[in-house]
């Protein structure tokens, strides 16, 4: 009886071989695709709203027309960028007019090793403003080198730096009707 127990069944044996070959063929013999490291994520620079001067009023800021109040100083004292190796670029625009740039170009802030950096203030001479007209003063902070769009209504990033990010802040401003009414930078 013992010899019958050890009798080989060719069907079972063949089936086992097919299953073994199938499992080996579909198993871990095929290496997974190796993907490259995506690199550092580019986070946008962020203007810290508590650091904006003059502070946000939620409406139009009336500027005192008193000559002693000119120039009016606008500033962003803190910009946060999680990419501490990024060079930051900033520029100011009055209704997209570049005439208030006292430096003539986008100014860079070199990496400092800190997330927080300051942005150079702008002095707005009040003689640039007409009576009874509202203006929009904007400051842009970008983490890639920007370039003005032809016609002066905005900017784009240079070729090869299209992954750039930016933040901006804007004030709506107007001259006061009379001296002594409105915000004065000498206050």
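Coordinate-derived values only; no laboratory data. What you see is a predicted model; the values in this text were computed from it and never measured. Cβ sites come from the backbone with ideal geometry, for glycine too, and all protein chains shown count toward neighbours.
If the chain between residue 48 and residue 145 were fully stretched, how many nm would it gain, using 0.36 nm times the residue separation less the Cα-Cα distance?
The residue 48-residue 145 span can extend by a further 32.8 nm.
Label points 7 Å out from Cα along the Cβ direction at residue 178 and residue 156: separation in nm?
5.1
Can you put 129, 124, 158 in order, fewest other beta carbons within 10 Å first?
Fewest-to-most ranking of 129, 124, 158: 158, 129, 124.
Given bins 5 angstrom wide, list per bin the percent of all Cα-Cα distances in region 46-175, short to long.
Taking all Cα pairs of region 46-175, the binned fractions are 2, 10, 20, 22, 19, 14, 8, 4, 1, 0 percent.
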